[in-house]
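First comes the structure, then the notes that go with it.
Every read-out reported here was derived from the displayed coordinates using simple, explicitly stated rules and does not represent laboratory data. Being a predicted model, the structure only gives us computed values, none of them experimental. Every residue, glycine as well, gets a Cβ built from its backbone with ideal geometry; the counts of neighbours run over all protein chains shown.
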Amino acid sequence: MILYVTGGARSGKSSFAEARAAAAGGAVTYLATAQAFDDEMTERIRRHRADRPAAWTTVEEPIKVVQAVQNVESPTLLLDCLSLWVSNMLLAEWTDAAMLDAVGGLLAAARARPGLTVLVSNEVGLGIVPDNALARRYRDVLGWANQRCAAASDEAFVLVSGLPLRLKPSQEFHAP
């Protein structure tokens, strides 16, 4: 099963995803994609590590996420987050097509796993149009990646101000 969780910065998406992973029972592997490029990010990563349950296995992989997912043996996998992974690929000068192919590989690997895979991503397309080409490219590629992950998921939520709103499955109208 694939659970997709999105929302803005500080929306509560990671806490929600962690609670869902913990509730699944059994071992959890936390796949972290963050890289520490400055002191503030180093401290942020340290806090995240300290906040995770000690029994969880942490795998830190900024680029080779598909291979990391394929190697996870625990019944529950929490990937936090897609937005940093896309950023890492962008900074490593991957093409848009290569990044989206990698997202397809991630989804295939997640679908092939037994158990629960939780994918966390930022929703960056709700604000103003970025003022530079790199930021617009990032917003676009992440938006396409998010659409693919949401479409492939069994369940999807968006978090707003700490409140989870179910996107999928839904009994709401679906456009043809």
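When only C-alpha pairs under 8 Å and at least 6 residues apart count, what is the relative contact order of the chain, in percent?
Normalised by residue count, the contact order of the chain is 36 percent.
With charges set only on the Cβ (+1 for Lys and Arg, -1 for Asp and Glu), what does the dipole of the chain come to about its Cα centre, in debye to the nearest 20?
Computed charge dipole of the chain: roughly 340 debye.
Name the residue from 110, 128, 71 whose Cα lies farthest towards the positive end of the charge dipole of region 2-168, charges +1 on Cβ of Lys and Arg and -1 on Cβ of Asp and Glu.
110
Using +1 at the C-beta of Lys and Arg and -1 at the C-beta of Asp and Glu, which of 1, 50, 144 has the Cα lying farthest in the positive direction of the dipole of the chain?
The one lying farthest along the dipole's positive direction is 1.
Grab the Cα-Cα distance for residue 9 and residue 135, subtract it from 0.36 nm times how many residues apart they are, and report the gain in nm with one decimal.
Once the chain is fully extended between residue 9 and residue 135, it gains 43.7 nm.
Along the three principal axes, how long is the chain when you take its alpha carbons, biggest first, rounded to the nearest angstrom?
46, 44, 32
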